[in-house]
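Just so you know, all these numbers are worked out from the coordinates, no wet-lab data involved. This one's a predicted model, so the numbers in the text were calculated from it and none came from an experiment. FYI the Cβ positions are ideal-geometry reconstructions off the backbone, even for glycines, and counts take in every protein chain you see.
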Ligand SMILES: NC(=O)c1ccc[n+]([C@@H]2O[C@H](COP(=O)([O-])OP(=O)(O)OC[C@H]3O[C@@H](n4cnc5c(N)ncnc54)[C@H](O)[C@@H]3O)[C@@H](O)[C@H]2O)c1
């Protein structure tokens with residue numbers, strides 16, 4: 001019997017989790033993992049968390065029995081991987097739960113920006129039917145630049161093509177066949193920045209992608225460019241974005257993710273005497289300025305939050321835990337070299353059947369760097385303490 005602790009649940013999941021993990025000591029702890037409630041998880045061998053629970057050396061140090069973390073998310077930058085590796089703690093994520101879900105939100109933000117939907121709706125709610133200042137742009141025939149062409153980026157591309165847009169892609173590991181199939185164009189980053197009317201971000205947050213949108217890259221963009229970010233806040237230097245929005249160089253931005261987004265939920269804490277300085281206040285202030293601009297739309301990291309996606313996230317997270325308990329962990333993220341980072345799950349790719357094959361690009365196809373090889377075999381699998389006690393899971397619906 002393993003002790004399995006869950007944080008950040010809403011409630012509707014609990015009965016389902018208990019049924020799937022029968023025979024184990026399942027502990028539900030309210031809220032985000034923090035200094036106050038971490039002791040309740042001290043016995044846990046397995047941890048189920050969402051992105052607002054930060055796990056660094058300090059927190060891991062307080063969970064001496066921990067062997068496996070199942071994060072209920074695709075991104076895992078809330079978990080200190082080096083600290084996990086040094087303790088041989090396995091981390092599994094949810095590699096795919098509906099890339100279309102996030103892609104739909106991305107396209108909704110693109111349309112909302114281009115068509116000034118939020119501003120128009122707010123105005124009419126106040127009984128004002130004036131269309132002054134509400135002139136919009138068409139997406140048809142415009143160029144969309146996608147930084148990152150994995151599961152989500154490729155679904156965005158497919159929808160953008162259906163809207164009649166031209167799609168340029170910067171992704172050193174993009175699948176060139178899929179790029180061609182969707183009638184998009186692989187380009188270098190500078191070319192993408194210079195030619196796109198809308199730029200949308202779909203990479204993970206890594207040292208290479210951190211602040212990919214900064215003062216220098218914004219200077220290379222077209223005046224009036226629209227920027228959409230549904231990936232991670234750290235991809236955009238918000239201080240640079242504020243300057244560009246205020247100067248008009250950036251015509252609008254739609255952000256589902258923000259650096260220091262947690263601070264927005266905890267504003268009262270920022271002015272309390274106990275404020276620990278955990279947030280970068282310049283970034284928090286930059287976020288506040290963006291909030292107040294009519295040409296900036298901010299959604300609260302909600303792109304994943306569809307009914308269908310949540311059920312898939314829960315089931316995959318529980319599959320990950322059960323696989324670990326059987327001694328055959330899956331969806332590991334802390335042996336990335338072995339798994340081939342950025343590789344697209346087959347079932348998540350837009351299928352050849354559904355992807356409308358457009359005419360082949362007349363120009364010579366942009367040369368894509370060879371896809372990274374998955375070099376080694378997966379590292380030795382860590383065994384759970386008492387895997388035999390793991391009961392067979394109930395069949396999924
Ligand atoms: N807002 C939300 O609710 C939400 C939900 C799910 C995922 N996300 C974010 O979206 C991101 C993308 O998700 P995905 O499922 O498409 O991931 P993915 O792994 O399928 O695709 C990421 C792509 O980024 C590319 N990439 C990596 N480094 C790059 C670089 N330096 N420059 C350009 N491209 C690079 C990879 O080659 C890959 O094709 C996730 O990492 C996560 O942070 C956000």
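By the gyration tensor of its Cα atoms, with a ≥ b ≥ c the square roots of the eigenvalues, what is the shape of segment 99-298: rounded for a/c under 1.5, prolate for a/b over b/c, or oblate? The shape class here is oblate. Modelled label positions at residue 111 and residue 249, each set 7 Å beyond Cα in the direction of Cβ, lie 3.2 nm from each other.
Pull out a ≥ b ≥ c, the square roots of the eigenvalues of the alpha-carbon gyration tensor of segment 179-222, then state rounded if a/c is under 1.5, prolate if not and a/b is larger than b/c, and oblate in the remaining case. Verdict is oblate for segment 179-222.
Cβ crowding within 10 Å ranks 166, 202 as 166, 202, fewest other Cβ atoms first. Ranking of 326, 20, 168 by neighbouring Cβ atoms within 10 Å, starting from the fewest: 326, 20, 168.
Taking a ≥ b ≥ c as the square roots of the Cα gyration tensor eigenvalues, segment 1-155 comes out prolate, since a/c reaches at least 1.5 and a/b is larger than b/c.
When you count the other C-beta atoms within 10 angstrom of each residue and take the mean per peptide, 309-322, 130-143, 182-195, 148-161 line up highest first as 148-161, 309-322, 182-195, 130-143.
Just want the ordering: 80, 34, from fewest to most Cβ atoms lying within 10 Å of their own Cβ.
Working: 80 18, 34 12.
With the sparsest Cβ surroundings first, the list reads 34, 80.
Averaging Cα coordinates gives a centre for segment 157-213 and one for segment 78-154; these two points are 14 Å apart.
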